[in-house]
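A short worksheet on the structure shown next.
The values are calculated or read from the model by the stated rules, or taken from the named source; none is laboratory data. Worth saying up front: this structure is predicted, and the values here are computed from it rather than measured. Reconstructed Cβ throughout: ideal geometry from the backbone, glycine too, with neighbour counts over all protein chains shown. Surface accessibility is based on the protein's heavy atoms, side chains included, excluding ligands, DNA and RNA. Shrake-Rupley method; radii C 1.70, N 1.55, O 1.52, S 1.80 Å.
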Amino acid sequence: MVIKKIKSSISGVFGYVPDYVLTNKELEKLVNTTDEWIVTRTGIKERRILKGNLQGTSVIGIKCVNGLLEKTNTDAKEIDLIICATVTPDMAFPSTANLISNEVGATNSYSFDISAACSGFLYALTTASQFIEAGTHKKVIVVGADKMSSIVNYEDRKNCVLFGDGGGAVLLEPSIDDTGIQDYILKSDGSGGSMLCLKAGGSKKPASIETINNKEHFIYQEGSSVFKFAVTKMADVSEEIMLNNNLNSDKIAYLIPHQANKRIIDATANRMGIGPEKVLLNIEKYGNTTAGTIPLCFWDFEKLFKKGDNLILAAFGGGFTWGSIYLKWSYNS
Ligand code: UT7
């Protein structure tokens, strides 16, 4: 008897970005930069900012999950588990997933956050898929969302041009055919931790007058070093997943890369031998929304996907963390 392994497939997506558009022109007034520098070095033209008091990442997550439930005709009480990938939780605890779960009325679910920076959505999607594949969970929601503006120093031109706020959510269910997540590779290397981090506010260095004066509650990044790792590692892992699954560029419908820098994305696509027509980009509109970039790509480009399309997801981020997922899309929009 052949025992068929259950696969997990995405059965719906929803995304949300706040209304406020922070353009490169506006940034030119805040720091010594130019639209030309930002566009040629990163590919970013504008990003969204969540304005208003007491508006945390959960606000983004709640919009995404409510939209997803409505779109997929799902009752919140049917949800078994909600996982939220974020590095900008509303609070250290409770988890942002707990807050989202409560607000959307997912009273039969449990929930937790995953912290893997820009690879967070890939880590969370892979984690969620294990619960589906084990046969113990039927409906799992994965949220990737960040309010990066809460940790960006708008006097630091090296970082403030890169990041934005936003996110997306997907519903994961057992696959009824052979579509869904086929394979994944996840990696991490903590030796890169000090190159991209938030230095204070955790248990090692709690908030103090000194940490505030030293601006240690803002993103610290050694940009060009991180860039070199990102280019190599994101391309390595994308090539590896192609090789492991006998895929060539003709067999791949789209590459959905983390949107940190268009030059990193181009390098990854080049190594995979994939032409620009198959590389999904929305970095010009949203910048780097950290855990939000890949689900926001699903949301923006959902109509392009056809059932059975081979998609490769790839990301690199703080930690360092990186990874790639190979999935077969499960529905026609
Ligand atoms: O998503 C998580 C992982 N993070 C990433 O993937 C980000 C990886 N890093 C990058 O994307 C790029 O390194 C950056 C976009 C952050 C920077 O681009 P770069 O080509 O590596 O520039 P750089 O840091 O080597 O800086 C080149 C010059 C410097 O001036 P000098 O020292 O040559 O005079 C910077 O001070 O560009 C200057 N610079 C700027 N100039 C105008 C840095 N930021 C700006 C700016 N506007 N916003």
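Residues in the range 157-165: is at least one more than 13 Å from the ligand (Cβ to nearest atom), in contact (Cβ under 8 Å) with a residue 12 or more places away in the chain and outside the structural domain of residue 297 (by TED's automatic domain parsing)? Checked against the condition, which is being more than 13 Å from the ligand (Cβ to nearest atom), in contact (Cβ under 8 Å) with a residue 12 or more places away in the chain and outside the structural domain of residue 297 (by TED's automatic domain parsing), the range 157-165 yields at least one hit. Of all residues in the range 66-95, those satisfying the criterion of being open to solvent by less than 10 Å² (accessible area, probe 1.4 Å) and within 14 Å of residue 110 (Cβ to Cβ) are 79, 81, 82, 83, 84.
Across the range 185-202, a minimum of one residue is classified as open to solvent by less than 40 Å² (accessible area, probe 1.4 Å) and farther than 24 Å from residue 158 by Cα. Would you confirm whether any residue within the range 278-296 is away from the ligand (no atom under 16 Å from the Cβ) and out of contact with any helix residue (DSSP H, G or I) (no Cβ under 9 Å at 6 or more places or on another chain)? Looking through the range 278-296, none of the residues is away from the ligand (no atom under 16 Å from the Cβ) and out of contact with any helix residue (DSSP H, G or I) (no Cβ under 9 Å at 6 or more places or on another chain). Among the numbered conditions (1) more than 13 Å from residue 61 (Cβ to Cβ); (2) in contact (Cβ under 8 Å) with a residue 40 or more places away in the chain; (3) away from the ligand (no atom under 16 Å from the Cβ), the only one that residue 141 does not meet is (1). Of the residues making up the range 109-126, one or more are surrounded by fewer than 24 Cβ atoms within 10 Å (Cβ to Cβ), aromatic (Phe, Trp, Tyr) and assigned by TED's automatic domain parsing to the domain that holds residue 48.
Collect the residues in the range 217-235 that are within 19 Å of the chain's Cα centre (by Cα) and among the acidic types (Asp, Glu), keeping them in residue-number order. Matches in the range 217-235: none.
For the range 19-31, the criterion of being over 29 Å from residue 217 (Cβ atoms) and open to solvent by 10 Å² or more (accessible area, probe 1.4 Å) is met by none of the residues. Scanning the range 150-180 for residues that are acidic (Asp, Glu) and in contact with a Pro (Cβ under 9 Å, 6 or more places away or on another chain) yields a count of 1. Only a single criterion out of (1) without any contact (Cβ under 8 Å) to a residue 40 or more places away in the chain; (2) surrounded by 16 or more Cβ atoms within 10 Å (Cβ to Cβ); (3) of a type outside the set (Phe, Trp, Tyr) is not satisfied by residue 43, namely (1). Look at the range 215-232: where a residue is in a helix (DSSP H, G or I) and a partner is surrounded by 19 or more Cβ atoms within 10 Å (Cβ to Cβ) and of a type in the set (Gly, Ala, Ser), sitting 6+ places away or on another chain with Cβ atoms under 7 Å, you get 229/192; 230/260. Candidates are the residues of the range 46-58 that are open to solvent by 20 Å² or more (accessible area, probe 1.4 Å) and touching a strand residue (DSSP E or B) at 6+ places or on another chain (Cβ under 8 Å); the one that is farthest from residue 163 (Cα to Cα) is 55. Filtering the range 73-117 to residues that are among the acidic types (Asp, Glu) and within 21 Å of the chain's Cα centre (by Cα) leaves 90, 113.
The one condition from (1) modelled with pLDDT of 95 or more; (2) more than 16 Å from the ligand (Cβ to nearest atom); (3) not in a helix (DSSP H, G or I); (4) not small (Gly, Ala, Ser) that residue 197 does not meet is (2). Being among the charged types (D, E, K, R) and open to solvent by less than 70 Å² (accessible area, probe 1.4 Å) is a property that does not hold for residue 250.
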